[in-house]
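The values are calculated or read from the model by the stated rules, or taken from the named source; none is laboratory data. None of the values given here were measured: they were computed from a predicted structure. Here the Cβ positions follow ideal geometry from the backbone for every residue, glycine too, while neighbour counts run over all protein chains shown. Areas reflect the complete protein model, heavy atoms only, side chains present, ligands, DNA and RNA absent. Shrake-Rupley method; radii C 1.70, N 1.55, O 1.52, S 1.80 Å.
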Amino acid sequence: MSRARADEEEYWHSSKFRAFTFDDEDDELSQLKESKRAVNSLRDIVDDDDDDLERVSWSGEPVGSISWSIKETASSSTSSLEGRDSSLQKGSSSYAAFPKQVSSYSLSSLFKGRNKLPSFQSLSDALSDTGVKNYAPELRRPKAEYKDYSSDWSPKDTVRRMQRGKICSLERFRSLQDKLVLLDEAVAGHDGNVITAVLIFLKRTLRREILFRELEVRQVALCHLIHFLKETGEQKLLLDLLRFLDRTEEVALSQYREHLNIQDVEKRREFLKGCIGLPFSAEDTSHIQDHYTLLERQIIIEANDRHLETAGQSEIFRKYPRKASILNMPLVTTLFYSCFYHYTEAEGTFSSPTNLKKTFKIPDKQYVLTALAARAKLRAWDDVDALFTTKNWLGYTKKKAPIGFHRVVEILQRNNAPVQVLQEYVRLVEDVETRLNLGTKYKCHDVVIETYKDLKDRIQLTAYKCRVDRGSAEEEKINSILNN
């Protein structure tokens, strides 16, 4: 038994492994020191002057980040506690003299990744023998990230990148030839946004004469620029471009559009008066003249009606107060206003509907539609009846509507006309199918019954009997027809 114990002791003492001791120099701490020196030796290879590089710790986190600083802090605290434990185990008196550390961290020190005060060191600083700054290997960014900012793109590649929404600088295209090639590539790409972006760049970097001359032979780009100038309101540059192209009518129309920006009525009237002499086409000249005449007429009517409304001298203004001014209103609105408030006035007055019709050559269809809507709104059924009544040379009266009586019925129904008025005009609808549909829709029973009687359609008349009230005059009329 003693021999076995002796062999066991010899085995353990002859092993190549040694037992752990605190005084052993070849421990884990000394190995960590050697690793640190190896890391510090990399300072001769690493270039730290590149501002675009990031310093990365061995853990893969950027040096200086908050998470890295927290880990370093935890490591430092752990090393301090281990030092205290070892001191207690050795029974030294250094623990009593060890001062209590006060946290001296600031937000800036966390972002920098190191402590400003030497009294609270990280584990890496405690292991370093010298005060030399520690360096970690630096990793460069992939070259693909810098590719977007390259200045070597050709005009074709630049246009393609702009179509994909990439940010491209056009300032590198300095010569006129490069700028024109860029414009041609943009037009060939058929992307309106890219064409407009290139035109804005050319407008800013080229003289007007050169830009106008080159765009004259590039009609697609020219149309884009003209539309862009109209949308942005660059009136002066637009007029210069149209004059260069010798488009006199477009120049006149562009100047005429300026009246929309004039709020004062008198100034707008004077401006329109000056536009009459511009080089418009014959048709456009007539429109400009009518516009000036209409505004002049509206000014007169507005002044007179405002006085009548304020004085309370007119019954119609007391019963139906005006909701808005007539100034700058369209011709149809002005005609409706005149038919509503001045329908019975003589033709010689400016506010008379017939005067407006004659002055501005309003077609009969438009005049009848407008007058019917105005008089039906006032429920003036006698005026509506007079509007469609005509006399022939023999003195016979006849109703005639240039807009078709089916439209007359619809307008009257929208204005809540009574059934008796509706039936009178439903009867005047020539198409039988339309007449039956309107009579059924608006419950004009007499018209429907008479139409089925004329058609001698006993089946439909019997079916329509279910639509009328039981015991009503319409039911008796249907029974009388069926029994006869």
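Given H placed 1.01 Å from N in the peptide plane, which residues other than close sequence neighbours of K399 have an amide H under 5 Å from its amide H?
Answer set, sorted by chain and number: T390.
Over region 262-362, what portion of Cα pair distances is larger than 16 Å, expressed as a whole percent? Before the final figure, lay out each step's value.
Numbers: 2996 of 5050 pairs.
Considering region 262-362, 59 percent of its Cα-Cα pairs are separated by more than 16 Å.
Using a Förster radius of 45 Å, what is the FRET efficiency between D191 and V419 based on their Cβ-Cβ separation? Nearest 0.05, please.
Efficiency for this residue pair is about 0.15.
Run the accessible area of region 290-376 with a 1.4 Å probe and give the carbon-and-sulfur part as a rounded percent.
Result for region 290-376: 57 percent of the exposed heavy-atom area is carbon or sulfur.
Quick one: P(r) of region 331-474 from all Cα-Cα pairs, 5 Å bins, percents rounded to integers, in order of increasing distance.
It works out to 2, 9, 17, 17, 16, 13, 10, 6, 4, 3, 1, 0, in whole percents.
What distance in nm lies between label points placed 7 Å from Cα along the C-beta direction at E216 and T293?
Spacing of the two 7 Å Cα→Cβ label points: 4.0 nm.
What distance in nm separates the two pseudo spin-label positions at K203 and L308, each 7 Å out from Cα along the beta-carbon direction?
5.0 nm
Using a 10 Å cut-off on Cβ atoms, rank the peptides 394-402, 417-425 from the highest mean neighbour count down.
Going by the mean number of other Cβ atoms within 10 Å, highest first, we get 417-425, 394-402.
Could you report region 201-276's accessible area per residue, 1.4 Å probe, as an integer in Å²?
I get 59 Å² per residue for this part.
Which listed residue (V332, G312, I300) has the Cα farthest towards the positive end of the charge dipole for region 299-354, taking +1 on Lys and Arg C-beta and -1 on Asp and Glu C-beta about the Cα centre?
About the Cα centre, the residue reaching furthest to the positive side is G312.
Assign unit charges at the C-beta atoms only (+1 for Lys and Arg, -1 for Asp and Glu), then state the dipole size of region 439-479 relative to its Cα centre in Debye, rounded to the nearest 20.
Dipole about the Cα centre, nearest 20: 160 debye.
Quick check: convex hull over the Cα atoms of region 155-246, volume per residue in Å³, rounded to an integer?
Details: hull volume 8.3 nm³, N = 92.
Per-residue hull volume (Cα only) is 90 Å³.
Within the set K377/K477; K323/K399; K365/K443; K365/K477; K377/K465, which residue pairs have Cα atoms separated by over 30 Å? Walk me through the numbers before you get to the answer.
Values: K377/K477 33 Å; K323/K399 34 Å; K365/K443 28 Å; K365/K477 38 Å; K377/K465 34 Å.
Listed pairs above 30 Å: K377/K477; K323/K399; K365/K477; K377/K465.
Quick one: 3J(HN,Hα) in Hz for region 175-180, Karplus 6.51/-1.76/1.60 with θ = phi - 60°, rounded, Gly and Pro as x.
Listing the rounded values in order: 6, 5, 5, 5, 5, 5 Hz.
Rounding to the nearest 20 debye, state how big the charge dipole of region 263-343 is about its Cα centre with +1 on each Lys and Arg Cβ and -1 on each Asp and Glu Cβ.
320 debye
Determine the distance separating the Cα centre of region 438-479 from the Cα centre of region 288-315; give it in Å without decimals.
51 Å
Rounded to whole Hz and in sequence order, give me ³J(HN,Hα) for region 221-237 from the Karplus expression 6.51 cos²θ - 1.76 cosθ + 1.60, θ = phi - 60°, writing x for Gly and Pro.
Values, residue by residue: 5, 5, 5, 5, 5, 4, 5, 5, 5, 5, 5, 7, x, 7, 5, 5, 5 Hz.
Using the alpha-carbon centroid of each, what span in Å lies between region 401-436 and region 184-254?
54 Å
Using a 1.4 Å probe on the protein chains only, how many percent of the accessible area of region 155-246 belongs to carbon and sulfur?
On the way: 2620 of 5250 Å².
Carbon-and-sulfur percentage of accessible area, whole number: 50.
So for the pair C223, C466, with labels modelled 7 Å out along Cα→Cβ, what separation do we get in nm?
Going by the 7 Å Cα→Cβ label model, 6.0 nm.
Can you give the percent of C-alpha pairs in region 372-443 whose distance is more than 18 Å?
37 percent
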